[in-house]
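Note sheet for the following structure.
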Amino acid sequence: MASLVSEGAAALLSKGAFHHHHQHQYSRKMKTPSVSQRFRASSTSPSTDTPTSNSSTAILQASADKVRLGASDVEVTKVGIGAWSWGDTFYWNNGSWNDRNIEDARAAFNASVDVGINFFDTAEVYGSQIMGVGGESERLLGRFVKERNRLDSKGIAIATKFAALPWRLGRGSLICALKESLKRLDLSSVDLYQLHWPGLWGNEGYIDGLADAVEQGLVKAVGVSNYNEQRLRSAYAQLKKRGIPLASNQVNYSLIYRLPEKNGVKKACDELGVTLIAYSPIGQGVLSGKYTPKNPPSGPRGRIYNKEYLTKATPLLQALREIAQQHGKTPLQVSLNWLMAQENVVPIPGAKTAAQAKEFAGALGWTLTSSEVDELRRLASKLDPITGFPAESF
Ligand SMILES: NC(=O)c1ccc[n+]([C@@H]2O[C@H](COP(=O)([O-])OP(=O)(O)OC[C@H]3O[C@@H](n4cnc5c(N)ncnc54)[C@H](OP(=O)(O)O)[C@@H]3O)[C@@H](O)[C@H]2O)c1
């Protein structure tokens with residue numbers, strides 16, 4: 001998918017461009033030994049804390065409820081916030097980033113925490129600016145957390161990601177990159193550290209690096225991203241040998257991108273008790289219904305979600321509107337609710353503004369009926385799939 005191509009381009013341009021930042025001051029109590037002990041004691045069956053695909057348990061009873069990431073000790077809100085667009089000029093923000101954007105991002109962060117959504121996802125390659133200066137998303141997030149922590153402490157959970165760049169080899173490179181991320185975030189540890197995409201030359205070194213990071217107290221839980229079923233199973237097994245659970249696999253998943261349902265990834269996540277973190281869960285804004293054939297998105301998104309695509313998506317968007325009306329909700333909230341209805345899924349929609357973040361909270365605390373869930377899938381199936389990250393398929 002073009003968005004990921006852009007993430008990759010950002011990564012390449014960012015080589016060596018990350019700056020050292022302040023000393024980390026914000027620290028959290030580590031629970032590492034208990035994660036390992038609990039995981040060692042458990043069998044390969046899914047965590048009892050993690051809903052499985054067949055479970056009839058309603059997981060959206062109370063919006064304040066949190067879910068555990070896999071068999072780790074990390075608990076997050078059922079919807080998180082993606083921070084890719086913060087500081088980004090490659091894919092988002094029409095190529096420019098200014099003080100007004102920073103204020104909007106800060107307001108998005110604060111509004112999220114105010115409405116009780118306090119799980120934030122960033123990456124070392126996010127917020128890449130012209131001339132390859134990256135890391136701005138982590139810097140902004142770190143700054144917002146710190147500002148907020150002067151006022152209160154709301155159990156904010158931070159996830160970031162390691163860029164498996166071709167010149168980064170082995171476990172040591174992961175720890176080095178993680179320490180740079182922690183400096184930018186101004187934290188002494190993060191809640192979740194993920195391999196952003198599979199390595200070109202293999203993943204064993206990186207997986208060992210993830211386990212090292214847990215043992216060194218630099219992260220509370222570890223995950224992968226854009227991993228297909230076979231890579232997911234290998235990562236799970238390798239970590240298990242070190243007594244560490246694979247907490248999550250972050251993949252593209254939404255009503256308009258349902259590859260995880262077809263390529264075995266969702267099923268394997270459910271079976272292993274690995275949380276599926278759904279990225280681009282509102283189809284990069286499309287599922288809000290605000291883009292129409294006459295008003296497609298600007299920038300790189302306009303090439304994917306073009307006039308033709310949006311014309312074909314009209315019946316789905318219309319159904320979303322009707323179902324939303326029946327529930328007193330918005331199409332975007334229905335889209336997020338649909339994802340959560342698949343269970344074991346934590347969507348992380350991107351928020352650029354406070355209003356966008358507030359709208360996400362309305363996806364919690366209610367459930368679509370199963371016939372609405374089915375009807376939406378049926379209409380979505382009529383749309384040609386958009387192209388995804390190649391690593392998911394080979
Ligand atoms: N692991 C990976 O490889 C990977 C890849 C992609 C994303 N991600 C993660 O997933 C997160 C979310 O994915 P994403 O940003 O690609 O897509 P998304 O969450 O589906 O869409 C986010 C975009 O939708 C629009 N939007 C947000 N709230 C809205 C609202 N209330 N009403 C109308 N439009 C709204 C905004 O763009 P406009 O206002 O400009 O329309 C926003 O930037 C990212 O931030 C990142 O953390 C990870």
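Just so it is clear, none of the values below were taken in a lab; they were calculated from the coordinates. Owing to the predicted nature of the structure, the values given are computational and were not obtained by experimental measurement. A quick note on method: Cβ atoms are made from the backbone with ideal geometry, for glycine too, and the neighbour counts reach across all protein chains shown.
When the Cα gyration tensor is reduced to axis lengths a ≥ b ≥ c, the ratio a/c is 1.5 or higher for the range 252-294, and with a/b above b/c it is classed as prolate.
Residue-wise HN-Hα couplings along the range 163-170, as the Karplus relation 6.51 cos²θ - 1.76 cosθ + 1.60 with θ = phi - 60° gives them from phi, are 8, 7, 6, x, 8, 9, 10, x Hz; Gly and Pro carry x.
Per residue, the average separation of C-alpha pairs within less than 8 Å and at least 6 apart gives the range 92-142 a relative contact order of 21 percent. For the range 272-394, dividing the convex hull volume of the Cα atoms by the residue count gives 132 Å³ per residue. Note on Lys294: aspartates and glutamates with a C-alpha under 13 Å away, same-chain residues under 8 apart excluded, are Glu308.
Please arrange Lys262, Lys307, Lys183 by how many other C-beta atoms lie within 10 Å of their C-beta, fewest to most. Let's see the in-between values first.
Details: Lys262 10, Lys307 13, Lys183 20.
Fewest to most other Cβ atoms nearby, the residues stand as Lys262, Lys307, Lys183.
All other residues whose Cβ lies under 14 angstrom from that of Val265 are scored, Lys and Arg at +1 and Asp and Glu at -1, for a net of +1. Backbone amide hydrogens, once placed in the peptide plane, bring Val224 within less than 5 Å of Leu195, Ser248, Asn249, Gln250, excluding anything fewer than 5 places away on its chain. Its Cα centre serving as origin, the range 196-354 has a Cβ charge dipole (Lys and Arg +1, Asp and Glu -1) of approximately 600 debye. Applied to the range 305-312, the Karplus parametrisation 6.51 cos²θ - 1.76 cosθ + 1.60 on θ = phi - 60° returns per-residue 3J(HN,Hα) values of 9, 8, 4, 5, 4, 5, 5, 5 Hz, with x for Gly and Pro.
Taking label points 7 Å from Cα along the Cα-to-Cβ direction, Lys179 and Arg100 give a separation of 4.1 nm. For Arg377 and Lys154, the difference between the fully extended length at 0.36 nm per residue and the C-alpha to C-alpha distance is 76.7 nm. Between Ser370 and Lys290, the contour length at 0.36 nm per residue exceeds the Cα-Cα span by 26.2 nm. Around Tyr236, with a cut-off of 12 angstrom between Cβ atoms, what is the net charge of the other residues, counting Lys and Arg +1 and Asp and Glu -1? Around Tyr236, the charge tally is +3. Amide H to amide H, with H built 1.01 Å from N, Ala157 comes under 5 Å of Phe119, Phe120, counting only residues 5 or more places away or on other chains.
Remark: the range 315-320, residue by residue, has Karplus-estimated 3J(HN,Hα) of x, 5, 5, 5, 5, 4 Hz, where x stands for each Gly or Pro and the curve is 6.51 cos²θ - 1.76 cosθ + 1.60 at θ = phi - 60°. Pairs from the table (Lys262/Lys307; Lys161/Lys183; Lys290/Lys329; Lys240/Lys266; Lys146/Lys179) lying more than 24 angstrom apart at Cα are Lys262/Lys307.
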